[in-house]
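Comments concern the structure below.
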Amino acid sequence: MEKINCYEPGIGFRNFPELTKRMEEYYDIIFDYSLPDEITPRFVYEFGKKITSRNIFYYIDMLYDNQPENLIDVGCGENIFKRWFPNVIGFDPNIHSYSEQDFVDTFDRDFSEGHTKCYDVGMALNSIHFIPWNFIPDQINLAMNIVKDRFLFTLNFDKIRDKPAMDNRDLIRQVFQLIEKLPYEIVMFDFAEKSHWFYTNGNVQFILSWRQ
Ligand SMILES: C[S@@+](CC[C@H](N)C(=O)[O-])C[C@H]1O[C@@H](n2cnc3c(N)ncnc32)[C@H](O)[C@@H]1O
């Protein structure tokens with residue numbers, strides 16, 4: 001399975017080179033990709049470490065290649081990426097006590113049709129995958145509809161219903177085949193061989209863009 005324009009250890013951020021230093025100052029542990037199994041729930045809760053992976057920052061940085069004026073974060077949870085990147089607008093249907101979300105809403109067909117091309121770029125990090133497998137192309141189209149340029153998707157297979165296969169590699173290959181048929185440019189395609197209980201960046205990560 002081929003990866004496209006994906007993150008590799010040591011690559012610097014293209015648009016925000018100062019992020020490397022900021023991340024190193026803030027986080028206790030930074031992994032390149034998925035967290036390893038030694039990061040257990042007890043380790044996180046007992047030791048209170050701040051832990052992240054570089055690859056997801058790299059992919060968000062890529063969204064800024066064409067100088068967007070704003071980035072919509074669909075299902076932003078705590079809205080943490082707003083602290084790291086400029087002009088992020090995050091929304092989520094759930095009001096989390098610790099969230100800094102900008103507004104409360106649910107992403108669905110109504111939201112998409114009411115926000116056609118409202119934002120320059122967008123992302124949905126493990127937030128719009130609570131759907132049956134066959135709905136993936138429609139869900140991607142609904143997400144692309146709200147942006148003018150690029151959108152970063154991460155999908156966690158555990159959350160998708162009615163999957164056509166059990167094997168991770170097989171599902172990754174099938175996701176690629178699905179998105180290849182859509183009328184967008186695949187700016188980046190990456191995947192993780194296995195998921196981690198704490199891995200919030202999905203089994204697959206991809207950026208699609210409206211073809212110029
Ligand atoms: C695993 S969390 C990810 C949060 C955040 N994107 C992150 O990476 O930290 C999934 C989030 O998706 C949100 N969510 C679930 N269904 C949604 C929908 N239809 N539209 C928008 N957000 C949704 C949940 O409320 C939750 O905050």
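We did not get these values from a lab; they are worked out from the coordinates using the rules stated. Every value quoted in this text rests on a predicted model; they were computed, and no experiment measured them. No Cβ is skipped: glycine too gets one built from the backbone with ideal geometry, and neighbour counts run over all protein chains shown.
Taking trypsin sites (Lys or Arg not before Pro) across region 119-181, the ones in a DSSP loop with at most 10 further Cβ atoms lying within 10 angstrom of their Cβ are K181. Each of D32 and D102 was given a label point 7 Å from its Cα along the Cα-to-Cβ line. The distance between the two points is 3.4 nm. Report the longest stretch of the chain that contains none of the GluC sites (Glu not before Pro) sitting in a DSSP loop with at most 15 other Cβ atoms within 10 Å. The reported range is 101-192.
With r as the distance between the Cβ atoms of A165 and D65 and R0 = 30 Å, compute the FRET efficiency 1/(1 + (r/R0)^6) and round to 0.05.
Calculated transfer efficiency: 0.35.
A viscosity of 0.890 mPa s and a temperature of 25 °C, combined with the Kirkwood radius over C-alpha pairs in the Stokes-Einstein formula, give region 84-212 a diffusion coefficient of 160 µm²/s.
Suppose every Lys and Arg Cβ carries +1 and every Asp and Glu Cβ carries -1, with no other charges. What dipole size does the chain come out with about its Cα centre, to the nearest 20 debye?
200 debye
For region 35-142, trypsin sites (Lys or Arg not before Pro) meeting the loop criterion (DSSP other than H, G, I, E, B) and having at most 12 other Cβ atoms within 10 Å: K49, K50, K117. Once divided by 2.2 N^0.38 Å, the Cα radius of gyration of region 27-131 becomes 1.19. Result for the chain in a Gaussian network model with C-alpha springs under 10 Å: among L71, L182, L63, the largest mean-square fluctuation is at L182. Where the centre of each part is set by its Cα atoms, how far does region 143-189 sit from region 72-87, in angstrom? Between the Cα centres of region 143-189 and region 72-87 lies a distance of 21 Å. Here is the list for region 15-120: chymotrypsin sites (Phe, Trp or Tyr not before Pro) lying in DSSP coil, each with at most 12 other C-beta atoms within 10 angstrom of its C-beta, are Y98.
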